[in-house]
């Protein structure tokens, strides 16, 4: 299979490139007119060609497009791929507002192409294993799920569009898409109600950039969830973000330290204690397929683990949470 890359604004797209090449597929080139340094870095890493014209990357020999363009421009590429009959894998988020979500939904419902998203968290061994533990009842009935996702900002290394809510979508749409998808997947349930806030504590020169946010969620079956994200991981931190997931059940509790623990392990850790078993580290199970393989299953007409309904549901929730979020600003900002 031949594939191409249109838009290379974030290194996340290298996940798709690496997995496609690893499966024996051929990348015909990268088109990125603005973030040339990143495109060159990725092109050199995988021995790819950078092209100056998008059209050859959509010719009849190309079946799949990978896209990590500026967030508010991705919907244009998705619709263009539909016109050319090309399946597309995008970096998150797909859209940044309600109007563009409706455009995304229309493409998905027409069903002419398959749309994938780099929602990589389902495919992490620790989270995949946690899903197995929940489904097997090791924790009893789930009471609550909390996720804490701090991020390192490094503002001098970020492109200007990152600080524009209009272009990036802002902290809720950009960062919580992973957590909303995981919440639906881990519980097997849909969201009943949600309240949210976003807070601005820094960078007055970027008035639409908010640096912290939180969501309070109740699922249809009564599971509650608290989600938090920020851009405040210190520069001297041992990781870009000490991210954690906590699950409380009626018979046990589990915690994932997604970036490990600097005093224990560099690998992510799944810890669990229950009414029957003392605290222990649970051996991780590697998913039987990668995110890209799952996407290719759908292209072949087979059922994948992550489909259009998952992509749309998680995206719509983040758009809604962003729309109704209470905005908090520190005095002077």
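The values are calculated or read from the model by the stated rules, or taken from the named source; none is laboratory data. The model shown is predicted, which means the values in this text are computed figures rather than measured ones. Every residue, glycine among them, receives a Cβ derived from its backbone with ideal geometry; neighbour counts consider all protein chains shown.
So how many residues does segment 86-116 have that are farther than 19 Å from residue 1 by Cα and either touching a helix residue (DSSP H, G or I) at 6+ places or on another chain (Cβ under 7 Å) or in a helix (DSSP H, G or I) (or both)?
Residues flagged as farther than 19 Å from residue 1 by Cα and either touching a helix residue (DSSP H, G or I) at 6+ places or on another chain (Cβ under 7 Å) or in a helix (DSSP H, G or I) (or both) within segment 86-116 amount to 20.
So, residue 42, is that one assigned by TED's automatic domain parsing to the domain that holds residue 74 and part of a helix (DSSP H, G or I) or not?
Yes.
Got a sec? Which of 222, 214 is in a loop (DSSP other than H, G, I, E, B), without any contact (Cβ under 8 Å) to a residue 60 or more places away in the chain and either buried (at least 20 other Cβ atoms within 10 Å of the Cβ) or in contact with a strand residue (DSSP E or B) (Cβ under 9 Å, 6 or more places away or on another chain) (or both)?
222
So for segment 112-120 (the condition being closer than 30 Å to residue 237 by Cα and either without any contact (Cβ under 8 Å) to a residue 40 or more places away in the chain or more than 20 Å from the chain's Cα centre (by Cα) (or both)), does at least one residue qualify? I'd like the intermediate steps shown before the answer.
Pass one, segment 112-120, residues closer than 30 Å to residue 237 by Cα: 117-120.
Subsequent filtering for residues that are either without any contact (Cβ under 8 Å) to a residue 40 or more places away in the chain or more than 20 Å from the chain's Cα centre (by Cα) (or both) retains none.
Checking segment 112-120: not a single residue is closer than 30 Å to residue 237 by Cα and either without any contact (Cβ under 8 Å) to a residue 40 or more places away in the chain or more than 20 Å from the chain's Cα centre (by Cα) (or both).
If only one of 83, 122 is assigned to a helix (DSSP H, G or I) and within 21 Å of residue 319 (Cβ to Cβ), which one is it?
Matching residue, one of 83, 122: 122.
Inside segment 299-319, can you point out the residues that are part of a helix (DSSP H, G or I) and under 19 Å from residue 185 (Cα atoms)?
308, 309, 310, 311, 312, 313, 314, 315, 316, 317, 318, 319 - these are the residues of segment 299-319 that are part of a helix (DSSP H, G or I) and under 19 Å from residue 185 (Cα atoms).
Considering segment 243-254 alone, what residues qualify as being within 22 Å of residue 181 (Cβ to Cβ) and either surrounded by fewer than 19 Cβ atoms within 10 Å (Cβ to Cβ) or modelled with pLDDT under 95 (or both)?
Restricting attention to segment 243-254, the residues satisfying the condition of being within 22 Å of residue 181 (Cβ to Cβ) are 243-249, 254.
Scanning segment 243-254 gives 244, 246, 248.
Show the residue pairs meeting these rules: Cβ distance below 8 Å; 6+ apart or different chains; first residue within segment 17-34 and farther than 26 Å from residue 289 by Cα; second residue assigned to a helix (DSSP H, G or I).
Between residues of segment 17-34 that are farther than 26 Å from residue 289 by Cα and residues that are assigned to a helix (DSSP H, G or I), the close pairs are 31/57; 32/38; 32/39.
Does segment 291-298 contain at least one residue that is assigned to a loop (DSSP other than H, G, I, E, B) and at pLDDT 95 or above?
No, segment 291-298 contains no residue that is assigned to a loop (DSSP other than H, G, I, E, B) and at pLDDT 95 or above.
For residue 10, only one of the following conditions fails: (1) surrounded by fewer than 21 Cβ atoms within 10 Å (Cβ to Cβ); (2) over 17 Å from the mean Cα position of the chain (by Cα). What is its number?
So the condition that residue 10 fails would be (2).
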